[in-house]
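Have a look at the structure below, then the notes.
The values are calculated or read from the model by the stated rules, or taken from the named source; none is laboratory data. Quick caveat, the model's predicted, so the values are computed rather than measured. Note that each Cβ is placed from the backbone with ideal geometry, even for glycine, and that neighbours are counted across all protein chains shown. For the accessible areas, the whole protein counts, side chains as well, though only heavy atoms, and no ligand, DNA or RNA atoms are used. Shrake-Rupley method; radii C 1.70, N 1.55, O 1.52, S 1.80 Å.
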Amino acid sequence: MNYLSQIRMRRFTALYKALESSTKINDKLEALVSYLNDATEDDRLWMIALLTDRKPKRTLQSKLLKSWGSEMSRLPDWLLEESYNIVGDVAEAVSLTLPLPKVDSNLSLAEWILQIIDQKTNTEEEQKAFVIHAWACLNQDERFIFNKLIIGGFKINVSQKTIAKAISLVIQKDENKVAHKLMSEWSPMTMTYQDLLINTDWESDASKPFPFYHTHYLDTPVEELGPPDKWQAEWKWDGLRSQLIKRNKELFLWSSDQELVTDKYPEFQPLAALNGNDFVIDGELVVLKDDEIRPFIELQKRSGRKTIGKKMLTDYPCVIIAYDLLEHEGEDLRGFPLHERHYRLEKLIRDISESCNSLIFLSQSISFSSWKQLSDIRNDARGKRAKGLILKLKNSAYKNGRYKGEWWKWNTDPYTIDAVMLYAQKSQENGSNLFSEFTFAVWANDDTLIPFTKANGGLTEKELKGINAFIKKNTIERFGPVRSVKPELVFEIEFEGINESKRHKCGVTLRSAKIKSWRKEKSAKEAGILKDLIQLIE
């Protein structure tokens, strides 16, 4: 492979296509290793940054991209809009309709990204000139990546575990340590590839969290897990999965999506002043007020604020419900069996509570002697504001990522309601030409339909094609990519939770809503009513 092919945007585009075109982990791993071996260090760094969600912030609004794309392609706005409706992606629609490039570019991925970042301080005219120049020297696939980067919509289907594995193979470092390093607070704008992965003290960053061990949904009868005495059960709380880290009199709080959120929760800072007892705790961040765990929506009011005042701290006080102890006094405990980690965690929390009461609570193990007894206990989850149960083998280690068989989440059965489809939209993620995202309504008290949620999923390809045939014949109005349709089709919608909402006309907002089934046997008049939803508010 020659030098130019290593540094040009085309090399990264080929990686993107390889990662998106296969669901096989080995294929993705091979593509990543090949790129890391071939690319320049700057491009390696930015590749890692993009794949670990450290992409540049949006530089341009997508409407500017569409306007300039229409001008350069000499297509009328309506035709470009129709192209967007078909492919469901602005970046792709524009890249497909532009004329062939007139010149070629030897700029690397890193050089293009830095130029994109520089556009933030430029005038709109300067930004337009930059974008037009880029389109003139990038091919169709490269333009797609460029467009994604400049409007802040870049994302790619590859797990953090696979990325860490690929890097570990290239630099000959332990995979878990690489994953740990990638989760630390770093930026490609202030750090080089050498600093991040080569010339580094792998043990020195006090803020580094461990990769989270994620559970799988229980997809078999619980009795098939074997003897119940080999399992630990605890409540699955409805909060923000987090790691609370205390090292060297410094405190850090990480969310499971790798965001450092320490500043948003200052109530935990007294823990930093404790003598000894350094730790890494895996737990659930929740709002606890008047000895009651509050709904998740109240935690969102905290997490959505940039500054936290006294009133916010008083109205929405947060605590950690501790699930696991991953490190204590510098010792990595992840390889220890769960029952040993839990025993040490219980002792640690007793020690902490003597100085800093009411900040960390132990997630208590649930006592049960049979799966039938535990199933009955699970039925009370909503009364405790829990989502269900977590089941863990008592001798399990704390692993990196997702491993099936040792940790399960056994959620409560979802709520359901029958609803009428009012609007349909083509998906913006999978590029399908089918309408697959729908807005649903229930009956209000005055016998009118009121929209209350969007949902998708749960339908076969044959059902989607049938629904799309109905949409084409029964469209009432068009609003860009959205179609309003005759209110005739009824669907069963399932959802995990419901809260009051002042922002929505219906007065409610659902959590994790999706389509369960198409109720072909029902008429619109048999759909649910808003009062039924309001009675479920948590």
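Overview of values
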quantity	calculated
Leading residue by the ranking (farthest from the chain's Cα centre (by Cα)) among those in the stretch 17-49 that are surrounded by fewer than 23 Cβ atoms within 10 Å (Cβ to Cβ) and under 18 Å from GLY153 (Cβ atoms)	LYS17
Residues (in contact with a His (Cβ under 9 Å, 6 or more places away or on another chain), open to solvent by 30 Å² or more (accessible area, probe 1.4 Å) and not in a loop (DSSP other than H, G, I, E, B)) located in the stretch 403-417	LYS409
Pairs where the first residue, in the stretch 460-483, is in contact (Cβ under 8 Å) with a residue 40 or more places away in the chain and farther than 15 Å from TRP518 by Cβ and the second is open to solvent by less than 100 Å² (accessible area, probe 1.4 Å) and assigned to a loop (DSSP other than H, G, I, E, B), C-beta under 9 Å, 6+ apart	PRO481/GLY88; PRO481/GLN428
Selected residue (criterion: surrounded by the fewest Cβ atoms within 10 Å (Cβ to Cβ)) from residues of the stretch 300-317 that are touching a strand residue (DSSP E or B) at 6+ places or on another chain (Cβ under 8 Å) and modelled with pLDDT under 90	SER303
Conditions (1) over 30 Å from ASP290 (Cβ atoms); (2) in a strand (DSSP E or B); (3) not aromatic (Phe, Trp, Tyr): number failed by SER396	(2)
Inter-residue pairs, beta-carbon under 7 Å, first within 23 Å of ALA273 (Cβ to Cβ) and of a type in the set (Val, Ile, Thr) and in the stretch 246-262, second part of a strand (DSSP E or B) and open to solvent by 10 Å² or more (accessible area, probe 1.4 Å), 6+ apart	THR262/LEU251; THR262/PHE252
Pairs, first over 12 Å from PRO481 (Cα atoms) and of a type in the set (Asp, Glu) in the stretch 84-98, second open to solvent by 30 Å² or more (accessible area, probe 1.4 Å) and modelled with pLDDT of 60 or more, C-beta under 8 Å, six or more apart	GLU92/PHE144
Selection status of ILE390, among the β-branched types (Val, Ile, Thr), outside any loop (DSSP other than H, G, I, E, B), crowded, with 19+ Cβ neighbours inside 10 Å and under 31 Å from the mean Cα position of the chain (by Cα)	yes
Which listed residue, of ARG378, ARG344, ARG350, is charged (D, E, K, R), free of Cβ contacts under 8 Å to residues at least 40 places away in the same chain and touching a Phe, Trp or Tyr at 6+ places or on another chain (Cβ under 7 Å)	ARG378
Candidate set from the stretch 418-427 (those that are open to solvent by 20 Å² or more (accessible area, probe 1.4 Å) and under 30 Å from SER21 (Cα atoms)); member that is modelled with the highest pLDDT	GLN425
Considering residues of the stretch 140-182 that are outside any helix (DSSP H, G or I) and among the small types (Gly, Ala, Ser) only, the residue nearest to TRP112 (Cα to Cα)	GLY152
GLU125 modelled with pLDDT under 90 and over 23 Å from THR13 (Cα atoms)	no
Top-ranked residue in the stretch 286-325 [being more than 24 Å from PHE212 (Cα to Cα) and of a type in the set (A, V, I, L, M); ranked as nearest to the chain's Cα centre (by Cα)]	ILE308
Pair list, Cβ < 8 Å and 6+ apart or interchain, from the stretch 161-175 residues that are closer than 14 Å to LEU196 by Cα and without any contact (Cβ under 8 Å) to a residue 60 or more places away in the chain to residues that are of a type in the set (A, V, I, L, M, F, W, C) and open to solvent by 30 Å² or more (accessible area, probe 1.4 Å)	ILE171/ILE198
Number of the condition not met by ALA527 [criteria: (1) open to solvent by 40 Å² or more (accessible area, probe 1.4 Å); (2) touching a residue at least 40 places away in the same chain (Cβ under 8 Å)]	(1)
All positions within the stretch 187-244 that are among the polar types (S, T, N, Q) and open to solvent by less than 50 Å² (accessible area, probe 1.4 Å)	SER187, THR200, SER207, THR215, GLN232, SER242, GLN243
The stretch 145-176, subset touching a Ser or Thr at 6+ places or on another chain (Cβ under 9 Å) and under 16 Å from GLN258 (Cβ atoms), residue least open to solvent (accessible area, probe 1.4 Å)	ILE163
Unique residue being closer than 22 Å to GLY528 by Cα and polar (S, T, N, Q) when the list is THR509, THR475	THR509
Hits in the stretch 272-293 - residues which are surrounded by fewer than 20 Cβ atoms within 10 Å (Cβ to Cβ), among the charged types (D, E, K, R) and either touching an Asp or Glu at 6+ places or on another chain (Cβ under 9 Å) or closer than 19 Å to LEU325 by Cα (or both)	ASP278, LYS289
Selection count where residues are assigned to a loop (DSSP other than H, G, I, E, B) and either polar (S, T, N, Q) or open to solvent by 50 Å² or more (accessible area, probe 1.4 Å) (or both), scope the stretch 327-374	14
Candidate set: the stretch 253-271, residues that are open to solvent by 30 Å² or more (accessible area, probe 1.4 Å) and modelled with pLDDT of 90 or more; chosen: the one farthest from the chain's Cα centre (by Cα)	PRO270
Among residues of the stretch 501-511, those that are of a type in the set (Val, Ile, Thr) and either in contact (Cβ under 8 Å) with a residue 60 or more places away in the chain or open to solvent by 20 Å² or more (accessible area, probe 1.4 Å) (or both), counted	1
Those strands (runs of 3 or more DSSP E) lying entirely in the stretch 428-500 with at least 1 residues charged (D, E, K, R), farther than 24 Å from VAL90 by Cβ and open to solvent by 20 Å² or more (accessible area, probe 1.4 Å)	490-495, 497-500
